[in-house]
Structure formats: structure tokens, C-alpha cells
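Contents: one structure, followed by commentary.
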Amino acid sequence: MATPTTPPPGGTTAPGAAPRSGWRALLPGWSPRLGIGLGLVLAIGLFGLIGPLLLGDPDAIDNMGRTPPSTDHWLGTTQTGQDVLSQLAHATRGSLQIGLAVGIGATVLSALFGVIGAYAGGAVDESFSLFSNVMLVIPGLPLVIVIAGFVPREQRGWWTLAVVLVITGWAAAARVLRAQTLSLRNRDYVLAAKVAGERRRRIVIVEILPNLLPLIASQFVYAVIAAILAEAGLSFLGLGAPNTHTLGSMLYFAQNGFALQYEAWWWFVPPGLVIALFGCGLSLINFSLDEIINPRLRLPKAAGSGTGAVAGRSTDEAGTEAGPAPREPGAVLTVRSLDVVYRTADPVHAVRDVSLTLRRGEILGLAGESGCGKTTLAYAVARLHRPPAEVTAGSVVLHDRSGTDIDVLALEKEDLRAFRWDKLSMVFQGAMNSLNPVISIHEQLDDVLTTHRPGMSAADRRARCAEVLTLVGVDPARLTAFPHELSGGMRQRVMIAMAMLLDPQVMIMDEPTTALDVVVQRGILREIIRLRDELGFAVVLITHDLPLLLEVSDHIAVMRDGEIVEYAPAARMYRAPAHPYTRQLLDSFPSLTSARGAFVRGGDTDVPGAAR
Amino acid sequence: MTTLSVHDLVKDYPVRAGLRHSTLRAVDHVSFTLRPGRTVALVGASGSGKSTVAKLIARLEKPTGGRITVTGEDGADVPARAYRDHVQLVFQDPFASLNPFHTIEHHLTRPLRLHGRARGRAEARQAAHALLERVSLRPAAAFAPRRPHELSGGQRQRVAIARALAPGARVVVADEPVSMLDVSIRLGVLHLLARLQREDHLAVLYITHDLATARHFSDEILVMHRGRIVERGPADDVILTPRHSYTRLLAAAAPDPEVRGRSLTAEPGTVTEEDLHRSFDHYTGAWQPTG
């Protein structure tokens, strides 16, 4: 598994979608960005390392004065006849030295204060946190001036600058590491190590630190860039250490020698360019490190030829190959031979040749385990799939109340926006957490109406919002409430109310009650079925809970590995499941009330390969 | 034979709402005993306090009141520093409870060496492989060098169970051990726990919200509601003849294809006022007042 595959939308991850881990995860994936970055940094690093050995004395004064580049002096000479190239090599070495020293120093300090404080918690964390906050606001420039006043100019060396830059530069990184450690210390695996009886020091070093390394590396790179730039700034202002060569001091002398006025570009452009290129190289490396910390950033690369929602498929082509969907009487949504592929380096055929018919007022259950493609199918039907997911074949047709058929896969921007929510709405797993926490329930419902029903008056909108809330069993007085004032079950009801606002003909519900308690789940299902009876919309109910579907839905489709293995009326599926996989799923749920003999706690058979 | 007893366990969490300080009682005077070879199921909705009980037993939280005592094979109380040799926890989410950075072998050899069950690298490795064999991850040599992300959810949970056994634990607290797994592999993991229990004579606390598996995989069921145990008794008695209105509510809410077409519009019922302050014990057949 060299490249990570893209997790399908909606949180259910396909097998193999897990992030890379271990030492390999600490190495960024290869990309042109990383290549260019590494190339720049290595080239400049080598120049700083070897250059001073090959090129002459940077301080050798010659009375030839300021001369443009020539074969003797590739980058010309300064006002005092010093060779610019030789100066540049020494200055690069000086700047890198400071950058590296400050990078290491700041990283060690930030790790010490950030990680240890966050893990220890309590008073230690409070005091470490306070200390880093104070350090964060100490400005570097005045501190350097103060220190410069204390340390005589002759004794000021490059290390003086380095120490000052470390002191003023570690605090921000400490705060970042503290936040990450706070999140890591409550992970189950850290708790598990605690339960196993590990010592605190070992938990920090063995369990937490390795997972922080990418972050620490990126903070280090950032500290190096910041140090080189800060040193250049300070030296340019004449606050640097004398008798040292840094890129900043080179610019300082160029400025003092009126290089700009004399148009001696060869004197000030090279050091500026080296700073810019080095910073650019380190930033590119940092982007690659960021990809380790946040694998989402890698998606665009994995998308390959991601060219929009229906890439690789023209509408008329699909129309001919799948044939016009034969319209069953009473059907509201027809899916014919739908194929969805994740176009990653290792393409995943997430949905294969799926055909479904949803009748008006029907509850269609879609059962399957994680990674079986049920969520991908729902997203594709609602046209919510994003690259690298692609619909490669098949058709989705909505038979509108008005009698017209809508080819869902052919819809373009405006039509698609109008179609979604108006004709077909969705409720996702954990949708209750997608309410905006700072806006009242009423405003969020109202927003949907103002977008889709521009002609509606404010009073009508308010009445409609109150109406849908009543429908789902929430007191309309709660309209002014904010999401955090409602329980999880109430929020999920609000989401269902929002999905019903525009009186859609189809509602797709992806695990709408999985995150809720059984008692609350029962209440919401009752609500959905009652509303279906009253309003006559059709529901696609996606869940892994087969007994639930057997009880409430009319038809059930069982999915495995992207295919529908069995599609039958619920009653028949319960009485006589045809496919072995359906039987296996059914057997996975022991009955609550049947006799004990039907299910005996035996212990597993303990045969090799039995473990999945 | 190790027995774990919980007496009058209480856990309060401070709640800060603006300037007001109050406490939330997550666990309210809970008592029960885990005996070798027996499984006790603790069922309840999320927020009922059942996971807090797990954390208290695993010593990840300190109780506000009450005692947890472990009695060893010799009949004497186990001293505090040996507590973790005897009591281990299996976490709910196998995707979060294994460190993505470390190999499977590392996850097992650490507790083995920490609790003096193996000396030296070779011996620890051998013991780790034996543990993997016991949880049916075969061949062990193929699983040991892998990292958690290379394993399926069920395999990870098997590793987590092996890790709990590594210190030689005789009391295992399984906090929703299968709720994050795919349905078709849940029973396999539960059967594994049952086999290990039989082989090692383990005392198991099985925490779950699923009444059906609680009934089939345990001897005794405790129903928890708002931090209190509202009904207790032999598994079949509690499920088939529930007395407390909350247990009835839970049982009625569970999906059941047998009663397909039952009126979903009927009210599911509520917890009656008088039941809020009493609990039913099937062993004595009597109601007891709580709080």
C-alpha cells in the first residue's frame, strides 16, 4: 500500500484507507514540491558548506573597487574590491549556522514546555502555558537592542544572536505542540498504556512523542526559516554581530556602500536571492510535512484526472448504454446499472452495476457493512460525490410529481442546486452535529427557504418553519433555541425537519439514528414512518442494522463489495433469505426474545483463519 | 481465583455553566461483584454512566465515594500496586486504542515485560506470539510485525483483548467491545471472549447498549439508568420478564423483525415516576428504594 486511498465521503472508510503509520509515515510522500524544496535546500546547504573552502578570503581588500561580474570575479566585487561570490559563500554558511542553531534550540525548548506541560496537566501546565504566553509577546528587536547594550560589540558573536532568537522564537511552537499533546493524551491508546501500568515518562516518550514527530519536524523547519529571516533583518539594521558573515550583514554593507544608488545589482541581489530561495525551499518541504499531519491535503494529487462530478461520462452515452430507465408505475427514483469508481492510484470500484427502484411512499432499506459502498451510492444518487469518486456508467432518474423525468446525472450547476433539497434531500449520520452552533434553529431553517423559495414572505417562512418542527415532534417554541440547547435526539429531529422543509419526494437517510440511543432512535423512526404515511415521500434508509430494516422498511437491498447481493421485499427476506451473505448478516443478530436454545454462548470454534 | 467487588461506588463530575458550579452524579451508589468464570452485563443508554464505571474500575478516574476491592486467589485483598496485574480493560474503539506508530508485537510485549510475565526480548516475543495464537490471529509471526492500520477492525479488537490478557489479568472489563465493529464479525469477537473466559476462568464485566448480546453472552444483567442500577438479575429473567419501566422501554425500543408491522405510532412508554426512585432485584424478587 504505497499510496493511501481516498476514504469515501461520510466517514465510513474503505478497507485500506487507513493512514500510513510507523516510521514510514514520518517520511513525506514524494512530490515535485518536495523534490524542488529538497533540491534548493541541499544546493544552498552545499554551497554554504563547501563554497568557503574553495573560494578565497572574503575580507581580502583590493583597490580595484566596485566592478561588475567578470571571469575573475563571477559575481563582481564590492566597493572595497572584495569578491562577492566568496562573501556570499561565507555569508550563506553564517546564516545557515544561525538558522540551524536557532531551529534546534527553539524546537527543544518548545517540545519541553509544550509536550511536558500538556501531559502533566494541572499547575505545571498552567505555569508552562503562562510562561510561553509571556515569551510570545516579548518582541525580538528591542530585546536584541537591550542585549547588544550589555554585551560589548567586540564580544558579540553569532551565538549572541542565536540565543536571542531562540528565546524569542520558541513560544509559538510550544503552543502548537501543547494543543496537539492535549488531544493525544486522551487518546485511547495512551489510556491503554496507562491501564497497562506504563510510567508517565515512557508514555510521553514512547506513545506520544512519535506521533508528534511530523509536527515537531515542521515546527523545526519553520523555526529555521524564521531565524534566517530575523537574523537578516537584524543584521541589515546594523544590530548583528560584527566580524561575522551572514546574508544580513552582506545586505547591510551593500546598503552602506550605496549599492542601490550605483546600480551595483551584483552586490545586493545574490544575498537577497539566496535568502528567498532558501526560504522557498524550506517552505516547500514544510508543505510536504503538512501532508503527513493532515492527509486530506494529499487528495487533489490522488484525484488524478479529477474533472468534476460526471467526468469520463457524457450524458447521452450513458443514456444509450444503460437504456432509458423503464418506468415502473409508481416509481419516484430509478437507478440503473450505476457504477462508481474512486480514481486513485489503485482504483476502487465502490459501486458496481447497482439497479434500484424506489416507489412513491416506500421505505427502501439499504443494508451493508462498512466499506460496502452504501454511502458512496447515496452520495452518487444525490450527486454529492467528489473527485476522485466518479460515476462511470449508469443512470439515475427522478420521476417528478409533475410527470417529467429528471436525469439526475446530467443536471448542471443551478438545476442541480434546485434539485437537491427541493426534490431530494438527505440526512447524514451525525447530521445533528452539522448544525451551525452560533445561529438559532429558526435562522438555519429560514436560510433554506430564502434560498429555494425566494418569493416567500417572512411570515410564511416562519409559519413553515414552525410547521415542520411540529411535524417532527419538536415544540415550535424551540425555534429561537441554539443547537447546544437541544439534546442529540432533538438536533437530529431538527435536521429531519430541515430535510422536509421543501416537501421533497425522496429523502435519503444515511445511518440517521446510529449515533443515538435505542429509545431515541425508536422515537425518530416512528416520526419518519408517520410522516411518510402523512406526506407520502419515499425514504432510502441506509444502515448496518438489518433487524431494524426488516422491521420498518418495505424493500431491502443488501450490499457487499459494491454490489447488491439480494434485493427483495422485507417480509420475504426475513422469512427466506436467498443469499448466504444475507443469512450471515441475519445470524449476526441474536434475537432478544427467542428461546435460549436458538443461540448458545459456546465460545468460538478456534480454527485458523476464522478471525476476520 | 480473583473476585472484584464494587461497593457503593459514586462519581461526581464538576459542571461549570458560566459562573454557576454544580456537580453531575455520573455513578450513583453502584454495587456489584464480578466472580471468576461469570459474565456480568452492564446495559444502559449512552450517558447512563456505564463507561464511567469502566473507567473507575480501570483506575483511569478516582471515585468520589465507595470502594473497589480485588480479592486474590489466596483470599486476601490485592495491594494497590498489583491491581493492574489483575484488572484490565478492553476499549470500545479498536481504531483508537492501538498506537498507530507501534507494531502489534510492541503492544503485547510491553505489558508482558511490565508485569514480569516475560524476561528478555526473546521470551517476551514468544509470549506475545502465544497470545496472538490464543486470540486466533494465526500465524502469529505474520501478525506480530504489522502495524494496527494493516489489520481489520475485528483483528484489532482481538489484539486489544490479547493486550488485556498480557499482564495475566483475571478480571476483564470490556467497554462496548463490539459496537464499533462490523455486524458480521461481532459475534466472532464475543465468542472469542467467551472462550478465553472459559479457558482462564475470567471474571468479565460486559458493558453494552445491546440487550440481545447482553442476554446471550452474560449470566447476570445490571440495567443502568442515570447513574443508578434500576434492575438486576439473571440474564433471562431481566430480559424476558422485565419489571422496571425503564428496562421495558429499552426492550421495546430494540428492533425486532418478529413483530414486523407492529404499530410504530404507538407510544413507546416512559419511565414512571415511582420507578425513578426504586430498583428491582430478581434475586430477592423485591423492590428497593434508591437515592
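The values are calculated or read from the model by the stated rules, or taken from the named source; none is laboratory data. It should be emphasised that the depicted structure is a prediction, and the values quoted were computed from it without experimental measurement. We place every Cβ from the backbone using ideal geometry, glycine too, and count neighbours over all the protein chains shown.
What about A:Asp446, is it assigned to a helix (DSSP H, G or I), surrounded by 15 or more Cβ atoms within 10 Å (Cβ to Cβ) and among the acidic types (Asp, Glu)?
When the stated conditions are applied, A:Asp446 passes them.
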**Request:** For the stretch A:538-548, indicate whether the set of residues that are over 34 Å from the mean Cα position of the chain (by Cα), away from chain B (no Cβ under 13 Å) and either modelled with pLDDT of 90 or more or more than 21 Å from B:Thr208 (Cα to Cα) (or both) is non-empty.
**Result:** no
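Go through the residues of the stretch B:218-231 one by one and say whether even a single one is facing chain A (nearest Cβ under 8 Å), surrounded by 24 or more Cβ atoms within 10 Å (Cβ to Cβ) and in contact with a strand residue (DSSP E or B) (Cβ under 9 Å, 6 or more places away or on another chain).
Our first condition is that a residue be facing chain A (nearest Cβ under 8 Å); within the stretch B:218-231, this holds for none.
No.
Within the stretch B:1-102, considering only strands (runs of 3 or more DSSP E) that don't extend past its boundaries, which have at least 2 residues that are more than 19 Å from B:Gln197 (Cα to Cα)? Show your work before the answer.
Values: elements: B:3-17, B:20-34, B:39-43, B:65-71, B:87-90.
In the stretch B:1-102, B:3-17, B:20-34, B:65-71 are the strands (runs of 3 or more DSSP E) which contain 2 or more residues that are more than 19 Å from B:Gln197 (Cα to Cα).
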**Asked** Among (1) more than 7 Å from chain A (Cβ to nearest Cβ); (2) of a type outside the set (Ser, Thr, Tyr); (3) over 30 Å from B:Tyr246 (Cα atoms); (4) out of contact with any strand residue (DSSP E or B) (no Cβ under 9 Å at 6 or more places or on another chain), where does B:Leu181 come up short?
**Response** (3)
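Could you list all residues from the stretch B:140-150 that are facing chain A (nearest Cβ under 9 Å) and either outside any helix (DSSP H, G or I) or at pLDDT 90 or above (or both)? Step through it out loud before you land on a result.
The first filter runs over the stretch B:140-150 and keeps only residues facing chain A (nearest Cβ under 9 Å), leaving B:147-150.
Across the stretch B:140-150, the qualifying residue is only B:Arg147.
Limited to the stretch A:130-183, what total is found for residues that are of a type outside the set (D, E, K, R), outside any helix (DSSP H, G or I) and in contact with a helix residue (DSSP H, G or I) (Cβ under 9 Å, 6 or more places away or on another chain)?
As a first pass, look at the stretch A:130-183 and keep what is of a type outside the set (D, E, K, R): A:130-152, A:155, A:157-174, A:176-177, A:179-183.
The next check asks that each one be outside any helix (DSSP H, G or I); those that pass are A:138-139, A:151-152, A:157, A:170.
Within this subset, residues satisfying the condition of being in contact with a helix residue (DSSP H, G or I) (Cβ under 9 Å, 6 or more places away or on another chain) are A:138-139, A:151, A:170.
Within the stretch A:130-183, residues that are of a type outside the set (D, E, K, R), outside any helix (DSSP H, G or I) and in contact with a helix residue (DSSP H, G or I) (Cβ under 9 Å, 6 or more places away or on another chain) number 4.
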**Request:** Determine whether the stretch A:429-450 contains at least one residue that is within 20 Å of A:Thr357 (Cα to Cα), under 28 Å from the mean Cα position of the chain (by Cα) and modelled with pLDDT under 85.
**Result:** no
**Asked** So which of A:Gly609, A:Gly603 is in contact with a helix residue (DSSP H, G or I) (Cβ under 8 Å, 6 or more places away or on another chain), modelled with pLDDT under 85, facing chain B (nearest Cβ under 10 Å) and on the phi > 0 side of the Ramachandran plot?
**Response** A:Gly603
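Here are some residues: A:Glu207, A:Glu198. Which one is surrounded by fewer than 21 Cβ atoms within 10 Å (Cβ to Cβ) and either within 13 Å of another protein chain (Cβ to nearest Cβ) or under 21 Å from A:Glu291 (Cα atoms) (or both)?
Criteria check complete, one pass: A:Glu198.
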**Message:** Take A:Pro214 and tell me if it is assigned to a helix (DSSP H, G or I) and closer than 30 Å to B:Leu114 by Cα.
**Reply:** yes
**Prompt:** Does B:Val204 qualify as being in contact with a Gly (Cβ under 7 Å, 6 or more places away or on another chain) and either over 25 Å from A:Gly523 (Cβ atoms) or away from chain A (no Cβ under 12 Å) (or both)?
**Reply:** no
**Prompt:** Which of the residues belonging to the stretch B:48-103 are farther than 24 Å from B:Asp210 by Cβ, surrounded by fewer than 24 Cβ atoms within 10 Å (Cβ to Cβ) and of a type in the set (S, T, N, Q)?
**Reply:** B:Thr64, B:Thr69, B:Thr71, B:Thr103
**Prompt:** Only one of (1) without any contact (Cβ under 8 Å) to a residue 60 or more places away in the chain; (2) more than 15 Å from the chain's Cα centre (by Cα) fails for B:Thr33. Which number is that?
**Reply:** (2)
**Message:** Based on this model, can you work out whether A:Pro504 counts as more than 14 Å from chain B (Cβ to nearest Cβ) and either modelled with pLDDT under 85 or farther than 30 Å from A:Gly403 by Cβ (or both)?
**Reply:** no
**Fill in**
Of the listed residues (A:Asp83, A:Asp57), the one being surrounded by 19 or more Cβ atoms within 10 Å (Cβ to Cβ), over 23 Å from A:Val163 (Cα atoms) and among the charged types (D, E, K, R) is A:Asp83
**Asked** Say we look at the stretch B:239-257 and pick out the residues that are over 11 Å from B:His282 (Cβ atoms) and outside any helix (DSSP H, G or I); which of these is nearest to the other protein chains (Cβ to nearest Cβ)?
**Response** B:Pro255
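Looking for whichever is surrounded by fewer than 17 Cβ atoms within 10 Å (Cβ to Cβ), assigned by TED's automatic domain parsing to the domain that holds A:Trp267 and touching a Gly at 6+ places or on another chain (Cβ under 9 Å) here; the options are A:Leu130, A:Leu141. Which one fits? Give the steps one after another, and end with the answer.
Values: A:Leu130 fails: touching a Gly at 6+ places or on another chain (Cβ under 9 Å).
Exactly one residue qualifies, and that residue is A:Leu141.
From A:Thr514, A:Thr480, which residue is among the hydroxyl-bearing types (Ser, Thr, Tyr), touching a residue at least 24 places away in the same chain (Cβ under 8 Å) and within 14 Å of chain B (Cβ to nearest Cβ)? Quick ask: steps written out before the conclusion?
On the way: A:Thr480 fails: within 14 Å of chain B (Cβ to nearest Cβ).
Criteria check complete, one pass: A:Thr514.
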**Asked** What number of residues within the stretch A:371-417 are assigned to a loop (DSSP other than H, G, I, E, B) and in contact (Cβ under 8 Å) with a residue 60 or more places away in the chain?
**Response** 12
**Prompt:** Which condition breaks for B:Ser136 when tested against (1) free of Cβ contacts under 8 Å to residues at least 12 places away in the same chain; (2) in a loop (DSSP other than H, G, I, E, B); (3) under 26 Å from B:His86 (Cβ atoms)?
**Reply:** (1)
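Just checking, which of B:Val189, B:Val159, B:Val171 is within 11 Å of chain A (Cβ to nearest Cβ), touching a residue at least 60 places away in the same chain (Cβ under 8 Å) and either crowded, with 19+ Cβ neighbours inside 10 Å or among the basic types (Lys, Arg) (or both)?
Working: B:Val189 fails: touching a residue at least 60 places away in the same chain (Cβ under 8 Å); B:Val171 fails: within 11 Å of chain A (Cβ to nearest Cβ).
Matching residue, one of B:Val189, B:Val159, B:Val171: B:Val159.
Out of the stretch B:5-41, which residues are buried (at least 16 other Cβ atoms within 10 Å of the Cβ) and touching a Phe, Trp or Tyr at 6+ places or on another chain (Cβ under 7 Å)?
B:Val6, B:Ala26, B:Thr39, B:Val40, B:Ala41, listed by residue number.
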